[in-house]
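Rule-based calculations on the coordinates, nothing more; no lab input. Please read all numbers here as calculations on a predicted model, not as lab measurements. Cβ placement follows ideal geometry from the backbone for every residue including glycine, while neighbour counts extend to all protein chains displayed.
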Ligand SMILES: Cc1cc2nc3c(=O)[nH]c(=O)nc-3n(C[C@H](O)[C@H](O)[C@H](O)COP(=O)(O)OP(=O)(O)OC[C@H]3O[C@@H](n4cnc5c(N)ncnc54)[C@H](O)[C@@H]3O)c2cc1C
């Protein structure tokens, strides 16, 4: 056993740190620190900065424009990115569609689509969930019927994250109603500007706008946009679920959020003393810190190859989101009633009820309730682990 | 022992429930709750007409209630109906005006023609009166922060230190202050109140006991509001689990979810019990201890119920459109008002070891 990073890994860490120091725009770092929403331009700008070093698509091999990093390097990058208050990469193109095409796509698909992800030409979004198909994704009903060289798509997707910015959407659609539901699903790529597609915003509970409903009415899509074979969609979706495990625990995010929380606790007072000196509040902070310390090792240990695939990513997802949500909860509570104002421009700008970096803490807490719901809810992750425990 | 409410209290509770169910659907509520001036004067007048404000003050002081149970019955229904009107602020103001024999103001508020708010907390000072820095006099200067109902008040009751080292209670006309109003994240209004050599009328130069009693009445009200919200959330979650189909059956059939609904239902019964106990103690010697215990338990139960209600709804529980998300937000944020779970724990430990 040796828990130290190698000298090469430490050198890599230093390189990442220096790059972020030199290239991360202050304005974006402030937005991250203050929990503010990013514009489309913000995200495109950040992606472009990363791609100057081929660092945008962390999991891609060198020959396709990625950095060719191993799991430890990706972990180090994620940690440094968080510590620098750099934005996360929007995952739908680089983190989801990219790996799918690398594994299942045709040479032509790889050659035409991958470069457009890297250079920001195409913003992708993910069209899996439907009103009637959430946890039970295999029951999805959006229908694609073959018509000559095209498919004609009818149905509805929902919860489509950042669909409002998207040029393209990758969808799971039903191409067959024979046999088990899983066996009649296909993975298809759709241009969002195709006639018959309508996007409607869904407002989230804290007031933000990041998800959408997408309606498909007789949408005609070339059959060449199919990825893999017809009816192979479920295999592709499952591959993706266990493919990228580095980020799923959110260790980088939690580390940074905890640093912010502790510095906030030094600024705020309770009963005349800094909150950081209050044992009742700080015992909770300290316990989360202990959990996170263990999580860091759990994450690295599992990344280095212990444990079965499904169970590993499910465990990391559950514990990782529980820790992130616990930190969000404490960051909100630290403020006392100063957490109450709705984060309007006035409240964020002039009123300064809470320190600016904390004025969004309650909104972030509510928004991050999503962490245990999306990407396979924590209940579904428990079902996966249960299955492997008793039947694996 | 008798755990039934009196006939009068049942009547007020029924009529308030009916009124809010009919007049205050979620869409309308959210419009009021998030758009300036963050409350609805006509709804306020109707609530006054129903006698809701009168129920918060004793007969001797000009109302027709005023016991702990009167307060909890009213606020439980305000919780169930997710009412965003500034009732908490006016409850505390009424109790203070009554305590100092200001019958004109009491009558004005009960009748619905005037509104007031208690401006007590300051930045970094929102647990005990000892934290307060503002000093009193004919003129007041400084800022009072997150003043609930400050957005819609005519009069502000301002707490400040007197030269004699006591806590004085002053009345300031809201029109004489710089009032910066905003919506709260869970709806309803609050304000930053900036005083700059603002004329103030002294109501009492030794008001600490009365202020603490009014704050405790407010804490009790928040606890009761939470119980109403929790009942509502339990019912909605139960209905949703039975109605939502995944994997070819209602998700209510998954034992993992059943047990969690049961667990939080148990916490709701515990919450109801401690609010009953606290209501019975509002005028007792050990009031402060019982109120702090209740608010601590409510904070813990409320967090569990709010988080579970969102989680067990899945994505739909995360949406603005869907009423339960607003209930969950209110339940979460009321913990931050008048001292949160941890703060109540500090109070309980201090009082128990005193
Ligand atoms: C903010 C946000 C962003 C999202 N972004 C996207 C996106 O970009 N693209 C996309 O395709 N989807 C997206 N989703 C959808 C997300 O994947 C689904 O919400 C999720 O799969 C849960 O489905 P559901 O909401 O229908 O809840 P349901 O499946 O109806 O679940 C309701 C509750 O029941 C529980 N449950 C269900 N089945 C079981 C079981 N067998 N045992 C125990 N408990 C069970 C669930 O865990 C949950 O608590 C997003 C969701 C959110 C909230």
Task: Dimensions (Å) - the protein assembly as shown, Cα atoms, principal axes, largest first - done: 86, 55, 48
Open item on the list: Contact order normalised by length for the range B:7-111, with contacts defined as Cα pairs under 8 Å and 6 or more residues apart; what percent is it?
Closed with: 32 percent
Task: Relative contact order (%) - the range A:21-131, alpha-carbon pairs under 8 angstrom, separation at least six - done: 26 percent
Task: Which of B:34, B:148 has the fewest Cβ neighbours within 10 Å, and the rest in rising order - done: B:34, B:148
TODO: Please report Rg over Rh for the range A:7-89, where both radii come from the alpha carbon positions and Rh follows the Kirkwood definition.
DONE: 0.96
Open item on the list: What do you get for the angle between helix A:279-303 and the principal long axis of chain A? Use alpha-carbon atoms, 0 to 90 degrees, nearest ten.
Closed with: 40 degrees
Task: Label-reachable residues, the range B:129-163, where backbone N falls under 20 Å from a point 7 Å from residue B:351's Cα toward its Cβ - done: B:129-132
TODO: Specify, per residue and in Å³, the volume enclosed by the convex hull of the alpha carbon atoms belonging to the range A:244-391.
DONE: 116 Å³
- [ ] Once you have a ≥ b ≥ c as the square roots of the Cα gyration tensor eigenvalues for the range A:83-232, tell me rounded if a/c is under 1.5, and otherwise prolate or oblate according to whether a/b is larger than b/c.
- [x] oblate
Open item on the list: Taking every pair of distinct Cα atoms and averaging 1/r, then inverting, what Kirkwood hydrodynamic radius in Å comes out for chain A?
Closed with: 22.5 Å
Task: Among beta bridges that DSSP assigns inside the range A:77-221, antiparallel share in %, nearest 5 - done: 85 percent
Open item on the list: Students often check this: by mean Cβ neighbours within 10 Å, which of B:59-65, A:258-264, B:22-28 ranks highest, and how do the rest follow?
Closed with: A:258-264, B:59-65, B:22-28
Open item on the list: Let me make sure I get this right: for the range B:7-111, a, b and c are the square roots of the gyration tensor eigenvalues over alpha carbons, sorted descending. Under 1.5 in a/c it's rounded, otherwise prolate if a/b > b/c, else oblate. Which is it?
Closed with: oblate
Task: Whole-Å semi-axes of the ellipsoid equivalent to the range A:57-147 (Cα gyration tensor, √5λ, descending) - done: 28, 19, 12
Open item on the list: Can you give me the C-alpha center-to-center distance between the range B:50-78 and the range B:325-350, rounded to a whole angstrom?
Closed with: 23 Å
Task: Ranked A:269, B:144, A:31, criterion: other C-beta atoms within 10 Å, fewest first - done: A:31, A:269, B:144
TODO: Kindly express, to the nearest 10 degrees and within the range 0 to 90, the angle between helix B:87-99's C-alpha long axis and the longest C-alpha principal axis of chain B.
DONE: 40 degrees
- [ ] Using only Cα positions of the range B:209-352, each an equal point scatterer, no hydration layer, compute I(q)/I(0) via Debye at q = 0.13 Å⁻¹ and quote the log10 values to two decimals.
- [x] -0.58
TODO: Mind running the shape call on chain B? Use the C-alpha gyration tensor, a ≥ b ≥ c as the square roots of the eigenvalues: rounded below 1.5 for a/c, prolate if a/b tops b/c, oblate otherwise.
DONE: prolate
Task: Residue of A:175, A:88, A:59 that the Gaussian network model of chain A assigns the largest fluctuation, springs spanning Cα pairs under 10 Å - done: A:88
Open item on the list: Give the separation of the Cα centroids, the range A:9-52 to the range B:20-35, in Å.
Closed with: 42 Å
Open item on the list: If you restrict to DSSP beta bridges whose two residues both lie in the range B:116-207, what percentage is antiparallel, to the nearest 5?
Closed with: 85 percent
- [ ] Please give the direction-averaged projected area of the C-alpha convex hull for the range A:245-292, in square nanometres with one decimal.
- [x] 3.3 nm²
Task: A:20, A:83, B:215 arranged by Cβ crowding within 10 Å, fewest neighbours leading - done: A:83, A:20, B:215
Task: Average Cα contact separation per residue, the range A:278-389, under 8 Å, 6 or more apart, as relative contact order % - done: 32 percent
Open item on the list: Debye calculation, C-alpha points only, no solvent: report log10 I(q)/I(0) for the range A:321-364 at q = 0.14, 0.17, 0.25, 0.30 Å⁻¹, in the same order as the q values.
Closed with: -0.30, -0.42, -0.79, -1.02
Task: Where only alpha carbons of the range B:116-207 are counted, the Rg and the Dmax (Å) - done: 12.2, 39
Task: Förster radius 41 Å - calculated FRET efficiency between residue A:18 and residue B:130 (Cβ-Cβ, nearest 0.05) - done: 0.25
Task: Degrees between helix A:40-51 axis and first principal axis of chain A (Cα, 0 to 90, nearest 10) - done: 90 degrees
